[in-house]
Amino acid sequence: MKIVKIITYAVLFIALMGQPAFAKDAVKIGAILAVTGPASFLGAPEARTLEMLVENMNAKGGISGHKIELIIKDSGSSPEKAVSFAKQLIEEEKVFAILGPSTSGETMAIKNIAEEGKTILLSMAAAEVIVNPVAPHVFKVAPRDSFAVDLIFEQMKMMNISRIGVLSSNTGFGKAGKEQIEKLAPGHGIQIVVSEVYDKAATDLTAEVTKLKAANVQAVLNWSIEPAQAIVLKNVRQIGLTVPVFQSHGFANIQYAKAAGTAAEGVIFPASRIIVADALPAKHPQKSVIQAYKKAYESRYKEEVSTFGGHAYDALMILAKAIGEKGLTRDNVRTAIENMKGFIGTAGIFNFSPTDHNGLDSGAFEMLTVRKGKFAPLKK
Amino acid sequence: MNIDLFFQYIVAGITYGTIYAIVAIGFNIIYNSTGIINFAQGEFVMLGGMTAVTFHTFLPLPVAITAAVFVTTIVGALIEVLFIRWLYKPSVLRMIIITIGISILIRETALHIWGEGVRALPYFSGTSVSALNIGGVFVSPQVLWVVSIGAIVVAFLNVFFNYTMLGRQMRACSANRDAARLCGINAKNVVTFSFMLSAAIGALGGSIVSPITYVQYDSGTPLAIKGFTVAILGGLGNSTAAVAAGMILGVLESFTIAVLPAAYKDVIAIVILLGILFIRPSGIFGSTEAARLKEF
């Protein structure tokens, strides 16, 4: 009987080895994205971008011969779900790397899990804390909050604004933004008169903005990624508050401006260049990258491209470039990302280093405004 | 706090309150005929808003809203016929769990039909920034629309439940289903009708508040929670009380924001809900005696 056993094993072994020798191993890439739920504005275009890119790359033979097997998990922007998906992707699926999550709260929930599992994580969320302190395997492709806050404060100074009211949502993004605002305001000579936190599912914020009006603020700064940021615009104008309104880079989805209608006119916010791709000078290094992605996305999905889909593009392309250079050895790929310089993405030009796992600087943002229902560069 | 701001907070409170009350009324109608809480009520509101926005792409506004109300009413009827009607002597708990299941079903279906985007009808009059200045207090015209349509709905329901045969049959079924059947009332049809009516009111509410709150596939649940609080606060089954309770909660929330950080707004709602459940389970305006006779 023993011989039978040995033969069986031998046959099995040969069968397993018998894969065609020319096809290289597929690379399993996981993605945890808020495709549904309150942050679906981020996750849905991110998921669509990844699906589109992976399909195109696989049609061309994958990353230097390695076909990509993409596993997208919809976290519904819940940190709890992100945690269980991260464990599943790392322990069961044994993915090579994880793209996402879309939001800061989720990313912080799985930062340690990815680090312990020695799995490369390329987050698409904004919060500073994701890469500060640096965890060796954790990177992020969205510009930091602090760049956005700095730019906003500089703009306020130019407009002689010093007393502001701050609104933020009770999400990871809102909280992280609020922290940066409070930390950086004194350095710019900005005084925060009122700071209010509202629920991410808020349906009307009249009372909150009335409080700002009562405090005689010179400007309103809102920090959220939910539909509430469009509601806030309407409520501010409805109660007759005429001061300038500033928003975070989370506003960079034209749907919000459309939803707020006339109330969105004149709102000032920082955003990556992808939003104003057509207005970029022809010789701008990002122009060709952004336009190629924009054209592919818009012709396929019949919807306008957003910053967030761009983050997914950057995350996948950075990973693909590192795998293309170093093959499927995770440590080498991690080091390759950490030392990558001059990568031209949609969010900016990435220059990673062992101490900077974001690789972007405040030049990644452009100050925009809404003019006649469209995003336009803010004239200085 | 000066007087202008005081009234501005009142207006904010009334806006919240009316939205909550409209959802609460939907809860009450189904409760009145079946004695259950329909946890899919928030989804009716969402469905109404969503279909109205879709119809408005090719129909004028009033027609689009009417069509949305009609479609949602059909959905309400289908839900009752498919999931509730054939149950033999369903327990209250079982029916409630079914409605929770239905709410998830509707939400996911909406996600597949409309995607995750945020939608809204245009403002019925004026634009998103127009506001009436009433002595220094700014009121969005849409708030006036919502308040007046809400008032008409409540007046209509009061007449309906007190003076029409069908309305009284619905109340009879709520008080005692078996006795109502013995009197020759077709209890099953009454229940179907109550689902249709509450779906219709939910849909109407969803359409008229959508310019203010926006509507998204998952915007039903948070509304349902607030609506439920208000329904309990006013006393289950009483639509006029629901309006009063809605105003109380809305104005309280709005003044909470004035004095406390806004993050505590929902704490107030939950504290009130718990307080009422402990101290006066029949609601502020409900009768304790009547409540004792009820199953749930």
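Lysine pairs in chain B 8 or more apart or on different chains: how many have alpha carbons under 25 angstrom apart?
Lysine pairs, 8 or more places apart or on different chains, close enough: 5.
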Packing-ranked peptide list from B:98-105, A:94-101, highest mean Cβ count within 10 angstrom first, is A:94-101, B:98-105
SASA check, B:Cys173, accessible area w/ 1.4 Å probe, all protein chains in place, rounded to nearest 10 Å², comes out at 10
Using the Kirkwood radius over Cα pairs of region B:3-293, the Stokes-Einstein translational diffusion coefficient at 20 °C and 1.002 mPa s, in µm²/s and rounded to a whole number, is 111
Tilt, helix A:104-116 to longest principal axis of chain A (alpha-carbon atoms), in degrees rounded to tens, equals 30
For A:Lys372, counting only lysines whose alpha-carbon sits under 21 Å away and dropping same-chain residues fewer than eight positions off, the answer is A:Lys234, A:Lys258, A:Lys380
Once both label points are put 7 Å beyond Cα along the C-beta direction, the A:Ser288-B:Arg280 separation in nm becomes 7.4
Between the residues A:Ile344, A:Gly65, A:Ser77, the Cα farthest towards the positive end of the dipole of the protein assembly as shown, that dipole coming from +1 and -1 charges on the beta-carbon of Lys, Arg, Asp and Glu, is from A:Gly65
Probe 1.4 Å, heavy atoms of protein chains only: per residue, the accessible area of the protein assembly as shown in Å² is 40
Where a ≥ b ≥ c are root eigenvalues of the Cα gyration tensor, a/c under 1.5 meaning rounded, otherwise prolate if a/b exceeds b/c and oblate otherwise, region A:256-380 counts as prolate
Once the in-chain neighbours fewer than 8 apart are removed, the aspartates and glutamates whose Cα is under 17 Å from A:Lys302 read A:Glu46, A:Glu51, B:Glu116
Relative contact order as a percentage, region A:12-166, C-alpha pairs under 8 Å and 6+ apart, gives 20
Of the accessible area of region B:3-293, computed with a 1.4 Å probe and all protein chains kept, carbon and sulfur make up a percent value of 73
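Which length gain, in nm to one decimal place, applies between B:Ile100 and B:Leu144 when the Cα-Cα distance is subtracted from 0.36 nm times their residue separation?
12.6 nm
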Subtracting the Cα-Cα distance of A:Leu378 and A:Leu184 from 0.36 nm times their residue separation yields 67.6 nm
One would report the Cα pair-distance distribution of chain A, bin width 10 Å, in %, as 5, 24, 32, 22, 10, 4, 2, 1, 0, 0
Answer in debye to the nearest 20: the dipole magnitude of the protein assembly as shown about its Cα centre, from +1 Lys/Arg and -1 Asp/Glu charges placed on Cβ, is 760
With every protein chain in place, the accessible area of B:Trp145 for a 1.4 Å probe, in Å² rounded to the nearest 10, comes to 100
Checked region A:134-269 with the C-alpha gyration tensor, a ≥ b ≥ c its square-rooted eigenvalues, rounded below a/c of 1.5, otherwise prolate if a/b is larger than b/c and oblate if not; verdict oblate
With the label point 7 Å along the Cα-to-beta-carbon line of A:Ile344 and a cut-off under 18 Å to each amide N, the hits in region A:245-281 are A:272-281
Taking Cα pairs closer than 8 Å and at least 6 residues apart, the relative contact order of region B:125-225 in percent is 22
Answer in debye to the nearest 20: the dipole magnitude of chain A about its Cα centre, from +1 Lys/Arg and -1 Asp/Glu charges placed on Cβ, is 720
Net charge (Lys, Arg +1; Asp, Glu -1) of residues whose beta-carbon lies under 11 Å from that of B:Glu43, B:Glu43 excluded, is -1
For A:Asn222, other-chain or 5+-apart residues with amide H closer than 5 Å (H placed, Pro excluded) are A:Leu167, A:Phe246, A:Gln247, A:Ser248
Using alpha-carbon positions, the gyration tensor of region B:50-185 gives root eigenvalues a ≥ b ≥ c; with a/c under 1.5 called rounded, otherwise prolate if a/b exceeds b/c, else oblate, the class is oblate
1/(1 + (r/R0)^6) with r = Cβ-Cβ of A:Glu80 and B:Leu87, R0 = 45 Å, i.e. FRET efficiency to nearest 0.05, evaluates to 0.85
Taking Cα pairs closer than 8 Å and at least 6 residues apart, the relative contact order of chain A in percent is 16
The answer for the per residue Cα convex hull volume of the protein assembly as shown, in Å³, is 194
Taking Cα atoms, the helix B:239-259 axis meets the longest principal axis of chain B at an angle in degrees (rounded to 10) of 40
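The values are calculated or read from the model by the stated rules, or taken from the named source; none is laboratory data. Owing to the predicted nature of the structure, the values given are computational and were not obtained by experimental measurement. In this analysis, Cβ positions are derived from the backbone assuming ideal geometry, glycine residues included, and neighbour counts consider all displayed protein chains. When the accessible area is computed, the model is the full protein with side chains, heavy atoms only, and any ligands, DNA or RNA have been set aside. Shrake-Rupley method; radii C 1.70, N 1.55, O 1.52, S 1.80 Å.
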